[in-house]
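Engineer: Here it is: the structure, laid out below.
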Amino acid sequence: MVENLNIDIDSIIQDVEKCTRCVKTDLLIPDTVGLLRILGARYSRKVKPDEGSAIFQDLKALADKNDAQATYELGLCHYLSFGVEFNVKEAARLFRSAAERKHGDAINALGVCYMEGRGVDYSPEKAVKMFKLGASFKNPVCVYNLGLTYFNGLYEDDETAVDRGIKLIRQAAQLGLTDAINELGRICSQGGLDGEPEDRAVKYFIEAAKRGSGEGLFNLGIAHTQGDGVPKDMTKAFDCFRRAYDAGFVRAFFVLAQFYRGGTVAPANEEAARAVIREAAELNDPRAIGAYASSEALASRLRPEEAFNLLIKGAHYGSEICALELGDLLDGGVFGEESKPLAVRYWALASYNGSGDASVKLAQCYFDGRVVPQDADKGLELLKRGVKQDSATACLLLGELFLKFADDAPPEEGWKLRAHAAQLFTQGAEDDDVHCLQALATCYKKGIGVDKNETRAKMLKKKAKEIAREEAREKGGGGFFGWIKRIFGR
């Protein structure tokens, strides 16, 4: 296991720098279930995950004969590690080959690769060019991803970008894309569709569900659990979640498992819960991989090697938690001192996949010049990324930096920096972070960036102490990852 760890410092630095240049997006591209559905249409039957190797060879033969659809599907095989080793560079090459033959879905996939820097150089400009090209062919996924690009500020982030994004998402919905219908419902539920009340959102979910959308069924199930726009009905909610999972929305596994375990609408069934988690993990859902690993590990059915491999698999398929824990294990020296530099690579991967705490660890590496070149500006940018990723630790450290900058800044600029620091502490305090609560209390006590308020300061200090005591009481084994640390520490 340890022998397979590649400790090439230059390659580690290249991987880290690539991960810091871009972030994972929510742009639409087929996952494993989506690929199975595409292949099911090709073979006119249900395709199973264990058929990957044979199907890959079939697709390769067809792609060699210039079949654009097979070339695209072959690219997805490399992109998703279906029947072949994971290789995003080869995936991007195949997407480009099919895109050159005006294959709309391949054009979209290549655009996603450019937007995320996967297999090609990160380039939002080229990504948008691809999405616009696909949209000119009326490809609904390209129209939708172009809309998300504007709506989420991935390319242009001006006052009109959000409205342009919503308009494009509506166009994709009119072209029949159920993901676009669901997205309109999500935006509506947050009050983002002018002229449409939030309770109108469920109508979008119902429409998507009628069209067979697993995500639409899932969202409708959530609505039934809360009584949002539909009657509160746990039996109907469970039915929606079950149908959502059966329709290919793998993320429904988590709620289904909770229903099975809790006995909400039927007698509790632990075996059924474990079965749906295991099946979802086999479909490479990153959260399912972590959940399956947890249940198996805590039941003492896993050896250390198996636990490590599950972490690798989870990180590979986008689990920021698995990548973060891998980095921490390596940093802790469980595989020897010579393996410690590899921790930086996994922290970078976790940061790319959305972990704010990993962004903080990576920022510290750049501040200290650990493995990667010392670069304070890059460290600062990573702390800002961590704040956007809702890391309370990032809020605390960036706030403290702003206070230090304020001491050397002109009075007006110093006031702005202190106010910004107080805002960051407030953001972290909203997540009940003890250190941010204490820092914010100090701000109110001394009038740093906020109006002086002794009463508010005392309340914050009191809350921080209560949370600290509660955390101390709850501190225990640490679940699955605590178990991993213990077995590797033996």
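Engineer: Would you be able to say whether some residue in the stretch 418-427 is at pLDDT 95 or above and more than 24 Å from ALA376 (Cα to Cα)? It would help to see each step written out before you state the result.
Structural biologist: As a first pass, look at the stretch 418-427 and keep what is at pLDDT 95 or above: 418-427.
Narrowing further to those that are more than 24 Å from ALA376 (Cα to Cα): 426.
Yes, the stretch 418-427 contains a residue that is at pLDDT 95 or above and more than 24 Å from ALA376 (Cα to Cα).
Engineer: Collect the residues in the stretch 202-216 that are crowded, with 24+ Cβ neighbours inside 10 Å and more than 22 Å from PHE253 (Cα to Cα), keeping them in residue-number order.
Structural biologist: Matches in the stretch 202-216: TYR204 only.
Engineer: Scan the stretch 167-178 residue by residue and report those that are in a helix (DSSP H, G or I) and surrounded by fewer than 20 Cβ atoms within 10 Å (Cβ to Cβ).
Structural biologist: Those that are in a helix (DSSP H, G or I) and surrounded by fewer than 20 Cβ atoms within 10 Å (Cβ to Cβ): LYS167, ARG170, GLN171, GLN174.
Engineer: Right, here's the next one. Do you know which residues across the stretch 315-328 are at pLDDT 85 or above and part of a helix (DSSP H, G or I)?
Structural biologist: Passing the criteria: ALA315, GLU320, ILE321, CYS322, ALA323, LEU324, GLU325, LEU326, GLY327, ASP328.
Engineer: Then there is this: Working only within the stretch 418-459, note down all residues that are within 16 Å of ALA394 (Cα to Cα) and free of Cβ contacts under 8 Å to residues at least 24 places away in the same chain.
Structural biologist: THR426, GLU430, LEU440
Engineer: Looking at the structure I just gave you, is ALA99 assigned by TED's automatic domain parsing to the domain that holds GLN69 and either surrounded by 16 or more Cβ atoms within 10 Å (Cβ to Cβ) or hydrophobic (A, V, I, L, M, F, W, C) (or both)? I'd like the intermediate steps shown before the answer.
Structural biologist: Details: assigned by TED's automatic domain parsing to the domain that holds GLN69: yes; either surrounded by 16 or more Cβ atoms within 10 Å (Cβ to Cβ) or hydrophobic (A, V, I, L, M, F, W, C) (or both): yes.
Here the answer is yes, as ALA99 does meet what is asked.
Engineer: Right, next: Kindly check whether there is at least one residue in the stretch 451-465 that is in contact with a Cys (Cβ under 7 Å, 6 or more places away or on another chain) and at pLDDT 95 or above.
Structural biologist: Looking through the stretch 451-465, none of the residues is in contact with a Cys (Cβ under 7 Å, 6 or more places away or on another chain) and at pLDDT 95 or above.
Engineer: Just the residues that are of a type in the set (Gly, Ala, Ser) and either in contact (Cβ under 8 Å) with a residue 24 or more places away in the chain or assigned to a helix (DSSP H, G or I) (or both), please, taken from the stretch 179-196.
Structural biologist: ALA180, GLY185, SER189, GLY192
Engineer: Given the stretch 55-157, what helices (runs of 4 or more DSSP H) lie entirely inside it while holding 2 or more residues that are closer than 23 Å to THR178 by Cα?
Structural biologist: Ranges flagged: 68-80, 104-116, 124-136, 140-151.
Engineer: Any idea which of (1) under 18 Å from the mean Cα position of the chain (by Cα); (2) within 22 Å of GLU430 (Cα to Cα) is the one GLY399 doesn't satisfy?
Structural biologist: Looking at each condition in turn, GLY399 falls short on (1).
The values are calculated or read from the model by the stated rules, or taken from the named source; none is laboratory data. Please read these numbers as outputs of a predicted model, since none were measured by experiment. Positions of Cβ are generated from backbone atoms using ideal geometry, with glycine treated the same way; all protein chains shown enter the neighbour counts.
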